[in-house]
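**Q** Dropping a structure here in C-alpha cells format, bear with me for questions.
The values are calculated or read from the model by the stated rules, or taken from the named source; none is laboratory data. Keep in mind it's a predicted model, so treat the numbers as computed, not measured. Using ideal geometry, Cβ is built from the backbone for each residue, glycine included, and neighbour counts are taken over all protein chains shown.
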Amino acid sequence: MSGKVLERAQIDIHGSAKTPDEAVDEAGRILVAAGAVTPEYVGFMHDRERLVSTYMGNFLAIPHGTNEGKDTVLASALSFVRYDEPIDWNGNPVRFVVGIAGKDNGHLDILSGIATIFSDEDQVDKLLKAESIDDVLVILDDVNA
C-alpha cells in the first residue's frame, strides 16, 4: 500500500451487485485485494450492516466493520463502487458504496472526508457522471490528503 487510502485499483465505476449484501461483498473484496484487510473483515462489514444500516443519504452507503473486527484491518483504505442502477438499500436508492477500513481509528478522518464530498450535491452529480476511474479519483482526492 502506498500510504494513500484510495488507489485506482480500488475504484469500480460499473459495480455488478444487485443487493446490499452483494454490494458489501463487492466493496469488501476490493479492500482484501488491496491488502488493507483480511478476508474475515468482510464478515464484520456484514455484522455492522445487520446492526445498523450504513446508508448515509445522497445515494451513498458506507459499509465498514464492527469494533470486533479491528484486528482484521491491516491498513487504512477505501473501496469505491458506483452502480449504473440504484440498489434498494432498505428502501433507499444507493448508487455508491464506499467500503472503509480504518487502522488505529483512521476511519474517522476518512469518514469525515467522504461525508464532506457527499454532502455537496454538485460533487455527487460529478461522481454520477464521471466517465473514468481517473475522473473519480480527482473528485475524491481530498480523502487521500
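**Q** Determine which single condition L74 fails, assuming it passes every other condition in (1) crowded, with 16+ Cβ neighbours inside 10 Å; (2) modelled with pLDDT under 95.
**A** Evaluating L74 over (1) crowded, with 16+ Cβ neighbours inside 10 Å; (2) modelled with pLDDT under 95 leaves (2) as the failure.
**Q** Output the residue which, of all residues in the range 3-50 that are more than 14 Å from the chain's Cα centre (by Cα) and at pLDDT below 95, is surrounded by the fewest Cβ atoms within 10 Å (Cβ to Cβ).
**A** Residue satisfying both the conditions and the ranking: G3.
**Q** Follow-up question, since we're still on this one. Scan the range 49-83 for residues that are in contact with a strand residue (DSSP E or B) (Cβ under 6 Å, 6 or more places away or on another chain), under 22 Å from V94 (Cα atoms), touching a residue at least 12 places away in the same chain (Cβ under 8 Å) and not aliphatic (A, V, I, L, M) and jot them down.
**A** Selection gives Y55, F59, P63, H64, S79, F80, R82, Y83.
**Q** Can you work out which of the residues in the range 116-137 that are touching a residue at least 60 places away in the same chain (Cβ under 8 Å) and assigned to a helix (DSSP H, G or I) is nearest to A77 (Cα to Cα)?
**A** L137
**Q** Read through the list (1) among the hydroxyl-bearing types (S, T, Y); (2) assigned to a helix (DSSP H, G or I); (3) surrounded by 17 or more Cβ atoms within 10 Å (Cβ to Cβ), then give the number of the only condition that S79 fails.
**A** Among (1) among the hydroxyl-bearing types (S, T, Y); (2) assigned to a helix (DSSP H, G or I); (3) surrounded by 17 or more Cβ atoms within 10 Å (Cβ to Cβ), the lone unmet condition for S79 is (2).
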